[in-house]
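Shown next, in structure tokens, is the structure this report addresses.
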Amino acid sequence: MKNSKNKKKTPEKNLKYVAIAIVMVVLVSVLLFQFFPKYFKQTDPIRETSKPAEEKPEEIPVRKISVKGIEAAEKIGLFLETMESQDSYYWIKECSGQKTDNTQVQMNYWALMAYTGLYDSTNNEQYRQNVFSNWEKISKDDTGASIFLSHQLISFNKKFRSHLDGENKAILDNKIEEMGYDLASGIYEPGPADKAMIKSILARNAYLSLELSGKKTKSILDKADQLLNSAVQDNQAQDVLFSEKNIHEDDCWIKLAQLQKYRITNDETILANVRNYFDMVNFNEISKTILLDNSIPMNILSCSEALIELNEITGDKKYLDDSKEILKAYLVNNWDMQENKICNSDYAVTSRRNSPNLKEDQLSKTFSENAYLIYLLTNEKIRHNTFEWSQ
């Protein structure tokens with residue numbers, strides 16, 4: 001009897017087992033590749049080459065600027081010092097450094113307002129001396145400049161009156177009072193070239209004289225009203241700066257005059273009119289460059305001042321916030337400093353008029369514009385505000 005264990009496998013059976021083994025290997029390989037693909041990635045160290053690194057654009061460092069109102073005011077004050085002339089101050093400085101138009105005593109009024117604000121904010125004795133130096137020239141002025149520049153005298157009167165002796169107080173009171181009478185009596189009449197801005201300033205000054213004197217002299221009030229109404233008509237005929245909001249160039253000078261009239265009449269219709277205007281405009285929603293590039297800079301500053309006045313009258317914080325936004329935009333776009341070189345980095349603000357594409361030699365700096373900005377930056381509600389932006 002033969003033993004079965006000694007039976008030999010046939011070739012056919014061997015082939016069958018090999019086929020089954022191959023199938024099993026393939027199935028296992030497929031499963032492994034499905035669940036562990038990273039172990040099957042083939043790399044050829046000879047053929048594989050690294051991709052060249054993509055060139056990144058050169059990053060321009062962003063400079064953060066942070067400055068308080070009084071700090072900016074003092075830096076701009078350095079520019080005023082460079083504008084002194086033998087008799088007064090130069091009015092204009094070109095980017096080339098050339099100074100022109102020495103208008104003498106009129107610039108003293110602007111300097112008086114600026115240095116009064118600086119001294120009130122810092123108690124720096126040098127600013128006090130500058131105030132007295134300018135007042136000395138103004139006190140002897142008989143050109144009638146105070147009829148245009150009485151607002152400068154008002155700020156001086158509010159913050160510096162206690163520093164004056166009896167004689168100088170009398171001179172100051174006389175100058176403030178005569179500006180209204182000079183208008184009412186016809187000693188001064190606006191000329192054909194005097195449009196909305198000048199008429200609004202004259203009307204405001206007349207209302208100011210009535211507020212300070214405590215009198216309601218009808219002839220002065222009537223003259224101021226006449227000037228204000230004429231200013232409104234002139235302004236409507238001027239170019240619109242921002243058509244969507246119907247903003248005209250001298251709007252804010254008119255609003256300042258209207259607010260001053262409200263102070264002496266308490267006419268709520270006037271106040272409502274001014275509030276409606278600024279609520280409609282909402283300077284936070286408007287591209288500041290539209291206004292800054294297409295308007296005389298002083299007109300933009302008058303909007304900031306009107307908003308400060310409106311905040312003082314109503315107590316509504318949004319008007320003060322809007323005023324700060326205007327001043328910030330003004331500094332960002334116009335302040336010529338090392339971090340934002342526009343001209344020669346002398347910390348003055350430049351005048352950008354009528355076109356955002358002015359050449360460097362067409363830009364200039366005016367004494368009055370910079371003095372006006374100092375006056376606003378040293379306001380009690382602005383001087384400690386921090387203005388921040390990236391340049």
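See the values below:
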{"item": "Dipole in debye (nearest 20) - the range 167-247, about Cα centre, beta carbon charges: Lys, Arg +1; Asp, Glu -1", "result": "180"}
{"item": "Size of electric dipole in the range 64-390: Cβ of Lys, Arg +1 and of Asp, Glu -1, about Cα centre, debye, nearest 20", "result": "420"}
{"item": "Global geometry of the range 64-390, whether rounded, prolate or oblate, following the gyration tensor of its Cα atoms and the 1.5 cut on a/c", "result": "rounded"}
{"item": "Highest to lowest packing among 323-335, 164-176, 250-262, scored as the average C-beta count within 10 Å", "result": "250-262, 323-335, 164-176"}
{"item": "Net charge of Cβ neighbours under 11 Å - reference residue 70; Lys, Arg +1; Asp, Glu -1", "result": "-1"}
{"item": "Relative contact order of the range 64-390, defined on C-alpha pairs under 8 angstrom at six or more residues apart (%)", "result": "26"}
{"item": "At R0 = 25 Å, FRET efficiency that the Cβ-Cβ distance of residue 168 and residue 84 yields, to 0.05", "result": "0.65"}
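All of the numbers you see were taken from the coordinates with simple rules; none came from a lab. Quick caveat, the model's predicted, so the values are computed rather than measured. Here the Cβ is made from the backbone with ideal geometry for all residues, glycine too, and neighbour counts use every protein chain on show.
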